[in-house]
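**Q** Sharing a structure below in structure tokens format, with a few things to ask.
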Amino acid sequence: MAYTVVSKELAAKTRKLNKLLDDVLKVTGFTKQQFHAKIGGKNADFIDIKNEVILDPDHFVALWMEGMVKYLDDLGDRKESSKYYELLQLLQKHEVVREYTFTFLERTYLRFFTELSKKRPTVDEAVMWIGQKNASYGLLVTPRFSNGNWENDNSEIRRFKKNYWTIGHVLETGLVVPSVEEKIVFHDIEQYLSFFKNTMVRASGSQYELEIAQKYCDFVRNSDDPENVPLLIPEFRYGGIADNHKYRLDFTIIDPKTLNKYGFELSPWSTHGYLKGTKGKLQKEINAEAQQNFEKEMAKHKEYFKKFEIFVLIYTDKDLANINGIFADMENYLNPSSTQTQLKFHVLDDFLKYS
């Protein structure tokens, strides 16, 4: 959300509040200061401000309503003497009071949207090692070189201004080289996209991965806000920097708002299922080898989920015949849509019926 956009939204919210104010004061009997204190005085009690990731103004309003109801429930028999029960009744009875209150809360959110909307990765999550065995790179949040290794300056992770795991992120930090005080720095988006496709992805030797990489490059170039497009991260290494890697995921996308992780595994039969040297073997032996291959592949996905909470989508030969379809799936995660407006209206229905 660009600063100029926020400024315009804030000004629009203030104009709307000024227009509604006289009617609100008439029906409530409060002064402006009294009413604002009632609306905003319990934000930190109604909402877990420190830990909740609040995605947009509607989400903030929905959480505030839920928090008020929980607060009143916790009062038990004392709730009817609470000034917030009085406020709830005014909100239920007068549409103008609801409109004013929700607009006021939306404005509050916009004033603090950076702090409220940004989920920070944990210390462990803030380091990713990606790439092939002899061509691996580190993607960190606040990288610094210390005692022969790369690490994050953990005290600065919360202050990182770019959206995590986006094009803007890698332009800000670059990629680091393991055990060497050397960074690969990208001066613009095109330089990064060229490195992504022609160095990191091409090294896999997969025609499918290369086709997807090209589609991703085109997607970024055509974006209205390319720096905030989530990275399509190639070859995320399960074991981190270790030379003898256990597993790699073909591609990973991390939602910059929620930090939810999604893996994409391209599994053609020729590399993930085909059995060589079966001549002279009994069917029982062939079946045992096939089962072993299958279980190894499934163990990979289960372990990624257990360790990193990455949900992995798997594409086999039938899927790979339609690369456009696979990339269309990826676009759903490159363009994460908000469902908070629907959440607000769902909560509002229960809020108005509360007694």
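The values are calculated or read from the model by the stated rules, or taken from the named source; none is laboratory data. Since the model is a prediction, treat every value here as computed from it, not as a measurement. Glycine also receives a Cβ, built like all others from the backbone with ideal geometry; neighbour counts cover every protein chain displayed.
**Q** Return the residues of region 43-52 that are under 16 Å from Lys70 (Cβ atoms) and either at pLDDT below 90 or not in a loop (DSSP other than H, G, I, E, B) (or both); say none if nothing qualifies.
**A** Asn43, Ala44, Asp45, Phe46, Asp48, Ile49, Asn51, Glu52
**Q** Can you tell me which of (1) within 19 Å of Val127 (Cα to Cα); (2) under 25 Å from the mean Cα position of the chain (by Cα) is the one Leu193 doesn't meet?
**A** (1)
**Q** How many residues are of a type in the set (Ser, Thr, Tyr), farther than 25 Å from Lys257 by Cα and surrounded by fewer than 17 Cβ atoms within 10 Å (Cβ to Cβ) when one looks only at region 135-194?
**A** Residues meeting the conditions: 3.
**Q** Inspect all residues belonging to region 185-193 and state whether any of them is in contact with a strand residue (DSSP E or B) (Cβ under 7 Å, 6 or more places away or on another chain) and either of a type outside the set (A, V, I, L, M) or modelled with pLDDT under 95 (or both).
**A** no
**Q** Can you tell me which of (1) among the acidic types (Asp, Glu); (2) surrounded by fewer than 17 Cβ atoms within 10 Å (Cβ to Cβ); (3) modelled with pLDDT of 90 or more; (4) outside any loop (DSSP other than H, G, I, E, B) is the one Glu209 doesn't meet?
**A** Every listed condition holds for Glu209 apart from (2).
**Q** Restricting attention to region 162-172, does a residue exist that is under 18 Å from Phe196 (Cα atoms), touching a residue at least 24 places away in the same chain (Cβ under 8 Å) and assigned to a loop (DSSP other than H, G, I, E, B)?
**A** Within region 162-172 (the criterion being under 18 Å from Phe196 (Cα atoms), touching a residue at least 24 places away in the same chain (Cβ under 8 Å) and assigned to a loop (DSSP other than H, G, I, E, B)), the answer is yes, since at least one residue qualifies.
**Q** Return a yes/no flag: does region 101-124 have any residue that is within 22 Å of Ile233 (Cα to Cα), of a type in the set (S, T, N, Q), surrounded by 16 or more Cβ atoms within 10 Å (Cβ to Cβ) and under 24 Å from the mean Cα position of the chain (by Cα).
**A** Here is the first cut: in region 101-124, the ones within 22 Å of Ile233 (Cα to Cα) are 118-124.
From what's left, of a type in the set (S, T, N, Q): 122.
With surrounded by 16 or more Cβ atoms within 10 Å (Cβ to Cβ) added as a condition, the list becomes none.
Checked region 101-124: no residue is within 22 Å of Ile233 (Cα to Cα), of a type in the set (S, T, N, Q), surrounded by 16 or more Cβ atoms within 10 Å (Cβ to Cβ) and under 24 Å from the mean Cα position of the chain (by Cα).
**Q** Can you tell me which residue is modelled with the highest pLDDT among those in region 145-161 that are touching a Pro at 6+ places or on another chain (Cβ under 9 Å) and of a type in the set (S, T, N, Q)?
**A** Looking at residues that are touching a Pro at 6+ places or on another chain (Cβ under 9 Å) and of a type in the set (S, T, N, Q), I get Asn152.
**Q** Which condition number does Thr252 fail, the rest of (1) in contact with a Gly (Cβ under 8 Å, 6 or more places away or on another chain); (2) at pLDDT below 90 being met?
**A** In the conditions (1) in contact with a Gly (Cβ under 8 Å, 6 or more places away or on another chain); (2) at pLDDT below 90, Thr252 misses (2) alone.
**Q** Conditions: (1) in contact (Cβ under 8 Å) with a residue 12 or more places away in the chain; (2) of a type in the set (Val, Ile, Thr); (3) in a helix (DSSP H, G or I). Val5 meets all but one. Number of the miss?
**A** Unmet condition: (1).
**Q** Still on this structure: Report every pair of residues separated by at least 6 positions or lying on different chains whose Cβ atoms are under 7 Å apart, first residue within region 173-196 and among the small types (Gly, Ala, Ser), second in a loop (DSSP other than H, G, I, E, B).
**A** Hits for this filter: Gly174/Val185; Gly174/Phe186; Ser179/Gly148.
**Q** Go through region 21-38 residue by residue and tally those that are small (Gly, Ala, Ser) and not in a helix (DSSP H, G or I).
**A** So the count comes out to 1.
**Q** Any chance you could count how many residues in region 71-86 are in a helix (DSSP H, G or I) and either buried (at least 21 other Cβ atoms within 10 Å of the Cβ) or without any contact (Cβ under 8 Å) to a residue 12 or more places away in the chain (or both)?
**A** Qualifying residue count, region 71-86: 10.
**Q** Condition test on Leu63, is it within 19 Å of Phe113 (Cα to Cα), outside the structural domain of Leu259 (by TED's automatic domain parsing), surrounded by 11 or more Cβ atoms within 10 Å (Cβ to Cβ) and touching a residue at least 12 places away in the same chain (Cβ under 8 Å)?
**A** Yes.
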